[in-house]
Amino acid sequence: MIRRFHEGAPLADLPGHSLVGVIRMPDAGQSPVRAIVKRVIGATAALTAAVLIVYLGRDGYRDVNEDGLSLLDAVYYATVSLSTTGYGDITPVSSSARMVNVLVITPLRVLFLIVLVGTTLEVLTERSRQALRIQKWRVKVRDHVVVIGYGTKGRSAVSALMGDGVDPGHIVIVDTSQEALDAASAIGLVTVHGSGTSNDVLRVAGVPRARAVVVAANRDDTAVLVTLTARELAPKAQVVASVRERENEHLLRQSGADSVVVSSETAGRLLGMATATPSVVDMVEDLLTPDAGLSIAERDVEPTEIGGSPRHLPDIVLGVVRDGTLYRVDAPEADAVEAGDRLLYVKKVTPPKE
């Protein structure tokens, strides 16, 4: 549980540095593992060079046993020298060996320490950077979209949002799976580790200031509880929920969902249509894919369109939204466009050039 790391304090009340690991801001830089590996390779290269230099000039060194330096002695001397331990049991005695120590071993010692200390400092700096970014994000975040659950449905929802032009920085993912959160972070999304049923976790995700909440839980009972919690925190947000079975749809609506998508029935209809009219299924898939081909979009009515019929507009209008109610284009209420209406229409999407 996340709470045990914070002595029971509510997550929403914790400062940014205490939420590193709970909230993760997207990072465009290289991974910490790769950075550490590169530094280890650099340190190993410096140590190897020091060993070779000492071993090749071993005649200029003396140890306490007076029996000359072996390869193991060279490794030992290079290790204690680069780590600045310096026991003094092996010492350079000739002028050339001492000169090599001044001009070569000392710079290698500095490089070795920079590599090791630099790795530690980078880890600490990255944590501080994350804490600062989290604190700034918590202060500024608003009108964003919170997606609860980053499974198949959650990923598809995010893909549709980004296809509609939503900035990745305005999408927050809440999930308990670290693997799912890593995948979300990799495409530039802010992630929060925790359960969407927790009031505390949703507060950390900024649900009270979100414009929309997408509930993409894998279980219907979880979706109901998440919807209840989200609606309590954000009375004015648009809450969209997915449910597997039609019989549970009313529970989602009673819990505060503005829109409910029945995933099993929708998939079943498409499967049935595909047996007789596969081209229709292809067209539906095209309309539901916002990043290419045709897409269903919504826009405000332009002043020059007021009073006219939506059927006579250049766009293919499917419906008119008036005072929060959707009227199909063939409904009597949609005969004439009024000020304040919004139009649902088919938009042609041009894929970005690579």
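Nothing in this text is a laboratory measurement; each read-out follows from the coordinates by a stated rule. Keep in mind that what you see is a predicted model, and the values were worked out from it rather than measured. Cβ coordinates were reconstructed from backbone atoms using ideal geometry, including for glycine residues, and neighbour counts include every protein chain displayed.
Remarks
- Distance (nanometres) between label positions extended 7 Å along Cα→Cβ at residue 313 and residue 79: 7.6 nm
- Rounded, prolate or oblate (a/c below 1.5 giving rounded, otherwise prolate when a/b exceeds b/c) for segment 292-349 by Cα gyration tensor: prolate
- For segment 254-354, trypsin sites (Lys or Arg not before Pro) meeting the loop criterion (DSSP other than H, G, I, E, B) and having at most 12 other Cβ atoms within 10 Å: 353.
- The 3J(HN,Hα) values that the Karplus relation (6.51, -1.76, 1.60; θ = phi - 60°) gives for segment 308-315 are, in residue order, x, 8, x, 6, 9, 7, x, 6 Hz. Gly and Pro appear as x.
- Summarising the label geometry, the points placed 7 Å from Cα in the beta-carbon direction at residue 176 and residue 348 lie 4.8 nm from one another.
- Qualifying trypsin sites (Lys or Arg not before Pro) in segment 142-227, where qualification requires a DSSP coil assignment and no more than 14 other C-beta atoms within 10 Å, comprise 142, 211, 219.
- Amide H contacts under 5 Å for residue 172, placed H, 5+ residues apart: 145, 146, 147
- In order through segment 157-168: 3J(HN,Hα) via Karplus (6.51 cos²θ - 1.76 cosθ + 1.60), integer Hz, x for Gly, Pro: 4, 5, 4, 5, 4, 5, x, 8, x, 6, 5, x
- Rounded to 0.05, the FRET efficiency of the residue 302 and residue 328 pair, given R0 = 30 Å and the Cβ-Cβ distance, is 0.90.
- Using distinct alpha-carbon pairs, which all enter the 1/r mean, Kirkwood radius of segment 142-265 in Å: 13.9 Å
- Distance between the 7 Å Cα→Cβ label points at residue 283 and residue 271: 2.4 nm.
- A simple count of charges around residue 51, restricted to other residues whose Cβ falls under 11 Å of its Cβ and scoring Lys, Arg +1 and Asp, Glu -1, yields 0.
- Across all directions, the average flat footprint of the convex hull enclosing the Cα atoms of segment 185-242 is 4.0 nm².
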